[in-house]
Amino acid sequence: MPEALTPWLPLLPVLALVLAAEFVNGWTDAPNSIATVVSTRVLSPGRAVIMAAILNFAGTMSGTAVAATIGKNIVDPSAINIATVGAAMVGIVTWSTIAWFYGLPTSESHALVAGLTGAGLVTAGPSVLMWGGWQKVLIGLLFSTFLGFFGGLFIMGLIYRLFAKSPPALVRRLFGKLQIFSAALMAFSHGSNDGQKFMGAFTLVLLLGGIIPSFQVPFWVIVLCAVMMAIGTSIGGWRIIKTMGMRLTKLEPVHGFAAETSAALTIEVASRLGIPLSTTHTINTAIMGVGATRRLSAVRWGVSRDIVTAWVLTFPICGALAALVAAVVKFFAA
């Protein structure tokens, strides 16, 4: 076996788990960027997936601030090992697959943070946590929940005022075209934030394994993660698209435009600040805000309750699963 391959051998199982988590991310999170444009029938699922794949890739190329937060500032890289990252990925893949089966969008941001935290605590104790990164996570939670909802509410309310006297057919035709651009912006912003998270985890493994000397995301890692996420979206994204775009509230192109624009702007601001937020939370709360402008009963709150339940459970379940796997590995390695 060539000597150049030897350092890679211990890393390959963990790198494969990171890619599996990115693939599942494509199932459960990347469909957020195209759910509304498909459900309003502005784009076919096939065209929407192609657009999402291209613009998610472009978004991941737009910076690495979020990847750095995940890879360097959630848990102390000097206090963990590659098994810690692997344990986190097992928790993410397990929980996200269960949620996908029931058509529930989960937050891979929270799953990743919880997984790294749970596994990190078992590996090195409470001192492993880094407050600077956690501050950004908490800010991201506020961004995704409140800015998403009230942004959707505000933009939809503004559109109602501006187009109150316009014929419905004109509004539908106009926003049918505009929604293509808002969906494109949403897909780009998704890549700029969500696409970077598993790039950060992948690069962290390379750093811990001694493949790279410092935390710098290689170009080939960006490409690999973007492609894996796109494949996951194309294979399994329809379940999430159906939940968000059809079951949560009835959407017309104007509603899709308002929700996507609100979510995309919120995500872009967070990405430039290096804040990892939940794109799932952001687009879901934006859809709720848009639906609430018609009347509160326009939102199917039973579906919303199921989605929120999945959000709440993500942190403890992913953290516990990752901690359990890390404890088992630590026991047998002792």
Flagged in segment 155-208 as charged (D, E, K, R) and crowded, with 19+ Cβ neighbours inside 10 Å, in numbering order, are Asp194, Lys197
With the structure loaded, tell me whether Thr117 is farther than 18 Å from Ser192 by Cβ and not in a helix (DSSP H, G or I) or whether it fails that test. no
Those residues of segment 134-170 which are over 30 Å from Ser109 (Cα atoms) and in a helix (DSSP H, G or I), in sequence order: Leu158, Ile159, Tyr160, Arg161, Leu162, Pro168, Ala169, Leu170
Boolean, Thr293 is more than 22 Å from the chain's Cα centre (by Cα), of a type in the set (Ser, Thr, Tyr) and either at pLDDT 85 or above or within 19 Å of Leu147 (Cα to Cα) (or both): yes
Can you say whether Phe149 is closer than 30 Å to Gly71 by Cα, under 16 Å from the mean Cα position of the chain (by Cα), of a type outside the set (A, V, I, L, M) and surrounded by 18 or more Cβ atoms within 10 Å (Cβ to Cβ), as far as the supplied structure shows? no
Counting just the residues of segment 33-57 that are part of a loop (DSSP other than H, G, I, E, B) and of a type in the set (S, T, N, Q), which one comes out farthest from Val227 (Cα to Cα)? Thr40
In segment 65-91, anything under 19 Å from Ser278 (Cα atoms), surrounded by 22 or more Cβ atoms within 10 Å (Cβ to Cβ) and in contact with a Ser or Thr (Cβ under 9 Å, 6 or more places away or on another chain) is listed as Val66, Ala67, Ile70, Gly71, Ile74, Val75, Ala88
Scan Gly191, Gly195, Gly210 and give me the residue that is more than 30 Å from Ile155 (Cα to Cα) and small (Gly, Ala, Ser). Gly210
When Tyr102 is run through (1) at pLDDT below 90; (2) buried (at least 24 other Cβ atoms within 10 Å of the Cβ); (3) not charged (D, E, K, R), the failure sits at (2)
Residue hits (segment 58-98; over 21 Å from Trp220 (Cβ atoms), in a helix (DSSP H, G or I) and over 15 Å from the mean Cα position of the chain (by Cα)) are Ser78, Ala79, Ala83, Thr84, Ala87, Ala88, Val90, Gly91, Thr94, Ile98
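The values are calculated or read from the model by the stated rules, or taken from the named source; none is laboratory data. Every value quoted in this text rests on a predicted model; they were computed, and no experiment measured them. As a convention, Cβ positions derive from the backbone with ideal geometry for all residues, glycine included, and neighbour counts pool all protein chains shown.
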